[in-house]
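No value in this document is a laboratory result; all are computed from the given coordinates. Values in this document were obtained by computation on a predicted structure and should not be read as measured data. A quick note on method: Cβ atoms are made from the backbone with ideal geometry, for glycine too, and the neighbour counts reach across all protein chains shown.
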Amino acid sequence: MSTRFWAAFILVLACAAAPARAQQGAAPFDGDLQRLAEILGGLHYLRGICGANEGGKWRNEMQALIDAETPSGERRARMVAGFNRGYNGFQQTYRTCTPAATVAIRRYIEEGSKISRDLTARYAN
């Protein structure tokens, strides 16, 4: 696991938790958060079939993201749908760990790291 990914992910959580929005309209970074949610869902499934023995680690990371962002209504539903879309998409494709699944894991970690870095650079105080 990339230490930079986790450092950036934690910064994104802190950044997302810091500003309390008066309204629950779409934040400018909602698209990135939804993509990150989809990546976490994909990792939750793929790491499980590839024997990472992480249990609910990626689901817990998603829950931490939701807890930090505290979205309600439609925003929350979109984030949860993104996680489920990532999970279900790979569940329909892979039943066992394959070289392609391993590549997908690596790419998702890289993409998640990039999203985390970009969000942190753009929205951190």
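Observations on the structure shown:
- When the convex hull of its Cα atoms is viewed from all sides, the range 29-123 shows a mean projected area of 5.8 nm².
- Here residue 109 and residue 77 are evaluated by their C-beta separation; at R0 = 30 Å the FRET efficiency comes out at 0.70.
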